[in-house]
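Undergrad: This is the structure I have questions about; it appears just below.
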Amino acid sequence: MDKILVPVDFSSNSLNALDYALNLTKTLGSKLYVVHVAKGGFLKNANELPKHNAKKQMHRLKDKVKADFNETRAEFLIREGTFIEEMNKLIEEIDIELIIMGTVVKRKELKTIFFGSNTIDVIEKVNYPLMIIPDHFKFRPIEKILYATDYKFLGKYTLRPLKQIAIKFDAEVLLTSIVKDRDKKKYSKDEYKEQKREHKMFASVRHDFKRIYRSDIVKGINYYIDKKKDIDLITLIPRKHSVFEYFFKKSTTKVMALYPRLPVLVLHDT
């Protein structure tokens, strides 16, 4: 994973996400592209800065990053335009492999700092891996990753970012399925086939399969995380006709009624 994009608006939660990204790259060895999109949709509120102020803020941020993370490769950019358009342009221009964005958690619901639901827009309109970092969550080495699977067929490269992170951190991946029917003790033929395929996919990674019996998917995942207390990252795939699709509707509260205290890696099926 060579190139990571981190959008910032200089708020505390976006800077917290940047701090997470900087620590992450110590292990991944990636180059960071830190971008502020001025005007037209990055923050549709009073936090949006005129371009000349943004340049001053970015210059100070660059100096701080160089002082605190002097060995990290990082480039600092200011773009003008709408947030989604500029994100897509940068991804194509630079060949970005992962986006890391910050969030604000309030009342046990995850609401993004991009108050026009820009995080949801990124999920829906930017077809690239996205890591969402809750505010106040401080980086810790990734040792266990919960991957919520429904054992539906996935494209060859969909799980590549997850595997890359797991390999670099020597993390264990818990392939976790939520089963609503407690009487369903056996996998269907298709599920068993996909489980075997995922087992092969993760052959180079420490992994285990977990099955949780709960009537509600979100509650099931949260229950497991609370029980284990050692999960460092959640991975979801918001594809159509998936049991996880409803996480990523326009309601940001649903996106992360799913354990808002942990980072979430969103991967698109490709």
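Undergrad: Starting from the amide H of GLU172, placed 1.01 Å from N in the peptide plane, find each other amide H under 5 Å away whose residue is 5 or more places distant or on another chain.
TA: For GLU172, the qualifying residues are LYS144, ILE145.
Undergrad: In what sequence do MET1, MET87 fall when counting other Cβ within 10 Å, fewest first?
TA: MET1, MET87
Undergrad: If you stretched the chain out fully between LYS219 and LYS193, how much longer would it get, using 0.36 nm times the residue separation minus the C-alpha to C-alpha distance? Numbers along the way, then the final one.
TA: Numbers: separation 26, 0.36 × 26 = 9.36 nm, distance 2.66 nm.
That pair, LYS219 and LYS193, stretches by 6.7 nm at full extension.
Computed from the coordinates by the stated procedures, all read-outs in this text should not be read as laboratory data. Treat the numbers as computed from the prediction; the structure is a model and nothing was measured. Every residue, glycine among them, receives a Cβ derived from its backbone with ideal geometry; neighbour counts consider all protein chains shown.
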